[in-house]
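To keep things clear, I will list the structure first and then write my remarks on it.
The values are calculated or read from the model by the stated rules, or taken from the named source; none is laboratory data. Everything numeric here is computed off the predicted structure, so don't read it as measured data. Quick reminder, even Gly has a Cβ in these numbers, built from the backbone with ideal geometry, and neighbours come from all protein chains shown.
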Amino acid sequence: MNKVWTLEDVRNLLRETGEQAGFLCERIPVEVSTRMEKTMGSFLFREVDGKITPHAFRFSSVLLSGFYPESVVRNVIIHEYAHYYANVRDNRNHMHDAYFKEVCESLGIPPHTYFKELLPKVRKKGYVLVCSSCGKQVAARRKIDSVDKILRMKVSGCCHAKLRYRTSVF
């Protein structure tokens with residue numbers, strides 16, 4: 001198991017990075033989200049009348065949970081700081097342009113823009129549709145609305161019988 005990061009650890013790394021770059025970010029809130037599964041970090045800001053106002057740094061609870069090596073977590077946190085630095089300093093959303101990549105390199109992280117590590121498989125509740133005659137699984141859906149629609153309009157391909165559903169985790 002790798003290091004489990006606390007909110008204080010994240011704030012300390014952001015503070016150190018800000019001191020190194022000469023552009024502090026101590027007043028910007030740091031949030032942890034349990035809903036972020038594919039995005040590991042984000043820098044949130046508001047853009048009004050051509051002025052960018054920082055709102056928060058947000059990181060996935062999965063990222064901070066100890067699943068990833070410390071170097072990967074550090075790179076993600078510094079990557080989000082790079083968004084803050086590039087956008088707020090220039091008052092322009094640089095997204096992942098050449099200037100943003102230069103900032104990443106100056107902060108000592110790779111300039112690639114997407115999370116390249118394997119994401120842990122997250123199992124969620126859903127519904128499995130089965131043939132009422134033979135019990136063979138026909139489909140799986142996450143939302144009950146789509147299950148209801150299939151139950152009303154479709155029959156199984158194996159026995160041409162009505163479909164049933166059961167809850168499952170997959």
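Among the residues of segment 8-29, those that are more than 25 Å from L118 (Cβ to Cβ) and hydrophobic (A, V, I, L, M, F, W, C) comprise L14, A21, F23, L24, C25, I28. One residue is enough: does segment 105-114 have a residue meeting the conditions assigned to a loop (DSSP other than H, G, I, E, B), on the phi > 0 side of the Ramachandran plot and not aromatic (F, W, Y)? There is at least one residue in segment 105-114 that is assigned to a loop (DSSP other than H, G, I, E, B), on the phi > 0 side of the Ramachandran plot and not aromatic (F, W, Y).
Of all residues in segment 61-84, none are out of contact with any strand residue (DSSP E or B) (no Cβ under 8 Å at 6 or more places or on another chain), more than 22 Å from N2 (Cα to Cα) and loosely packed, with under 13 Cβ neighbours inside 10 Å.
Can you confirm whether V4 is buried (at least 16 other Cβ atoms within 10 Å of the Cβ) and of a type outside the set (F, W, Y)? No: the conditions fail for V4. For segment 28-52, enumerate the residues that are loosely packed, with under 15 Cβ neighbours inside 10 Å and without any contact (Cβ under 8 Å) to a residue 24 or more places away in the chain. Result: R35, R46, V48, D49.
Within segment 132-170, being surrounded by 12 or more Cβ atoms within 10 Å (Cβ to Cβ) and in a helix (DSSP H, G or I) holds for I144, S146, V147, D148, K149, I150, L151. For segment 120-131, does any single residue satisfy the condition of being out of contact with any Ser or Thr (no Cβ under 7 Å at 6 or more places or on another chain), surrounded by 12 or more Cβ atoms within 10 Å (Cβ to Cβ) and at pLDDT 95 or above? Among the residues of segment 120-131, at least one is out of contact with any Ser or Thr (no Cβ under 7 Å at 6 or more places or on another chain), surrounded by 12 or more Cβ atoms within 10 Å (Cβ to Cβ) and at pLDDT 95 or above, which makes the answer yes.
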